[in-house]
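The values are calculated or read from the model by the stated rules, or taken from the named source; none is laboratory data. Given the structure is predicted, the values throughout are model-derived calculations rather than measurements. Neighbour counts run over all protein chains shown; Cβ positions are idealised from the backbone, glycine included. For the accessible areas, the whole protein counts, side chains as well, though only heavy atoms, and no ligand, DNA or RNA atoms are used. Shrake-Rupley method; radii C 1.70, N 1.55, O 1.52, S 1.80 Å.
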Amino acid sequence: MSYQPGRMGIAEGMALVFIILLPRIFLTTPANDAATVATAGWWMVIVSGLLTILTIIAWVYILQQTPGDLFSISEKLLGRIGAWLVTITCIVFFFLNAALLLRQFSENTLLTALPQIEFSFIIGWYALVAALSAFLGLEALARGTYLLLPISVFSLLIVLLLLAPTYDTYNLAPWQGYGFLPSLKHGIQNAGTNFGALILVIVAPAMQNVRTFKWASILGIMGCVFLKALSIMVFTMVFGIAVASEKTLPFFEMARLVYLSRYLQRIESLFIILWVIVGLLGIAISLYMGAYLITRLLKLPALKPLIPLSAYIIAQLAMIPPDIATVIRIDGFVIANFFTTSLFILTPLLLVASMMKTSKKGDQSCSSD
């Protein structure tokens with residue numbers, strides 16, 4: 001790992017968490033949320049974020065009791081077989097996440113900017129650039145993301161602010177969407193979109209201390225959740241539920257509505273570059289984490305030789321679905337059923353194991369006295 005133990009601060013950690021959670025704001029996810037829960041989409045994102053923060057608090061306790069990274073902690077608490085199961089689950093998550101992001105960003109690039117380019121070429125280009133970025137190592141990814149973060153946030157907020165003349169607050173009513181309980185249920189199921197927040201657990205020894213891990217994770221989650229909630233709220237106010245649920249690229253459609261003057265138009269073209277960069281970073285980090293976990297699992301001497309092979313695998317996985325509609329359905333199914341289930345099973349399992357181990361230590365110390 002390119003980052004030496006204890007060198008990563010809050011800023012770099014927060015940027016890594018933020019950038020792996022951000023890409024879906026540029027995809028069809030907000031439109032899917034509008035179709036599923038109507039006007040409750042914005043607070044549903046907040047519910048998902050709060051649940052993820054609770055898992056981070058649980059991991060703070062685990063790391064305080066059992067220092068190490070995800071693999072070593074799982075091995076100490078669950079044994080070798082348990083560590084393999086936990087690590088393989090996370091490997092599948094990161095590679096699936098990379099493949100789904102790769103396919104969707106490639107399709108969106110063809111749809112908005114390069115309609116005449118061969119699809120396989122776009123997939124290959126994305127995979128190549130993501131592999132090169134991952135090859136530079138965690139330090140380069142963390143610092144590059146940290147530098148890009150203010151530009152990304154500022155650009156998003158500017159677009160949302162410039163749409164103020166088109167706001168219709170009546171489109172946010174009723175606040176509970178199709179019902180409070182169905183919206184709450186979907187918010188819980190949607191927590192899997194934040195599974196990537198566990199990225200710092202995987203590289204925990206690279207953090208300065210547990211406090212740095214806690215605040216980097218929480219601030220990254222809170223920042224991304226705030227942007228997502230605000231974006232969905234504006235999206236709903238601008239288009240209304242009936243129209244919003246039909247949009248394939250919500251953020252792109254919002255950027256198209258921005259009007260500065262008769263001499264300065266079509267600024268959405270500038271934002272294509274932004275979401276391409278964000279998508280590439282999200283894919284690269286997912287690719288790196290999957291390769292890193294394989295290295296830890298098999299105790300390999302080096303990580304970098306795995307990156308080209310991993311990039312080739314996710315590119316092939318990304319091209320399997322026949323069309324973008326199928327990819328969007330798969331993405332929603334994987335998030336609700338695999339990512340969320342893994343998030344809500346792995347963390348409590350390791351938390352209970354850690355509490356039991358701590359309790360045994362306490363009983364042994366009392367008996368020795």
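Structure data summary
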| quantity | calculated |
| --- | --- |
| Close pairs (6 angstrom Cβ cut-off, 6 or more residues apart or separate chains): on the phi < 0 side of the Ramachandran plot in segment 19-35, open to solvent by less than 10 Å² (accessible area, probe 1.4 Å) and hydroxyl-bearing (S, T, Y) anywhere | I19/T145; I25/S231 |
| Tabulated pairs, segment 209-237, first touching a residue at least 60 places away in the same chain (Cβ under 8 Å), second among the charged types (D, E, K, R) and assigned to a helix (DSSP H, G or I), C-beta under 9 angstrom, 6+ apart or interchain | A216/E12; K228/R24; I232/D33; F235/E253 |
| Close pairs from segment 51-75: first open to solvent by 40 Å² or more (accessible area, probe 1.4 Å), partner of a type in the set (V, I, T), Cβ under 6 Å, at least 6 apart | Q64/V210; Q65/T358 |
| Residue satisfying all of: in segment 176-203; over 11 Å from M44 (Cα atoms) and among the aromatic types (F, W, Y); least open to solvent (accessible area, probe 1.4 Å) among these | F195 |
| Residue match in segment 268-289 (condition: in contact with a Lys or Arg (Cβ under 8 Å, 6 or more places away or on another chain), of a type in the set (A, V, I, L, M, F, W, C) and either more than 23 Å from Q104 (Cα to Cα) or not in a loop (DSSP other than H, G, I, E, B) (or both)) | no |
| Output for segment 333-344, where each listed residue is open to solvent by 40 Å² or more (accessible area, probe 1.4 Å) and in contact with a helix residue (DSSP H, G or I) (Cβ under 9 Å, 6 or more places away or on another chain) | N337, F338, T341, F344 |
| Hey, S48 surrounded by fewer than 17 Cβ atoms within 10 Å (Cβ to Cβ) and of a type outside the set (D, E, K, R) or not | no |
| Test: residue in segment 107-120 that is modelled with pLDDT under 95, under 22 Å from the mean Cα position of the chain (by Cα), under 20 Å from I199 (Cβ atoms) and in a helix (DSSP H, G or I) | no |
| Matching option when the condition is buried (at least 19 other Cβ atoms within 10 Å of the Cβ) and either small (G, A, S) or in contact (Cβ under 8 Å) with a residue 60 or more places away in the chain (or both), among A173, A140, A206, A164 | A206 |
| Filtered residues of segment 238-270 (kept if of a type in the set (A, V, I, L, M), open to solvent by 50 Å² or more (accessible area, probe 1.4 Å) and more than 23 Å from L172 (Cα to Cα)) | L260, L264, L270 |
| Qualifying residue in segment 301-316 (condition: open to solvent by less than 60 Å² (accessible area, probe 1.4 Å), closer than 29 Å to D168 by Cβ, in contact with a Phe, Trp or Tyr (Cβ under 6 Å, 6 or more places away or on another chain) and in contact (Cβ under 8 Å) with a residue 12 or more places away in the chain) | no |
| Conditions (1) modelled with pLDDT of 90 or more; (2) under 22 Å from F93 (Cα atoms); (3) out of contact with any Cys (no Cβ under 7 Å at 6 or more places or on another chain); number of the one not met by L293 | (3) |
| Checklist (1) part of a helix (DSSP H, G or I); (2) open to solvent by 20 Å² or more (accessible area, probe 1.4 Å) applied to T39, failing item | (2) |
| Filtered residue count, segment 311-329, keeping only those that are among the aliphatic types (A, V, I, L, M) and not in a helix (DSSP H, G or I) | 2 |
| Residue within segment 349-363 that is closer than 24 Å to I19 by Cα and either buried (at least 20 other Cβ atoms within 10 Å of the Cβ) or at pLDDT 90 or above (or both) present | no |
| Any hit, segment 138-157, residues being acidic (D, E) and touching a helix residue (DSSP H, G or I) at 6+ places or on another chain (Cβ under 6 Å) | no |
| Residue match in segment 266-281 (condition: without any contact (Cβ under 8 Å) to a residue 12 or more places away in the chain and in contact with a Ser or Thr (Cβ under 9 Å, 6 or more places away or on another chain)) | yes |
| Residues that are open to solvent by less than 10 Å² (accessible area, probe 1.4 Å) and within 24 Å of P348 (Cβ to Cβ), drawn from segment 94-103 | F94, N97 |
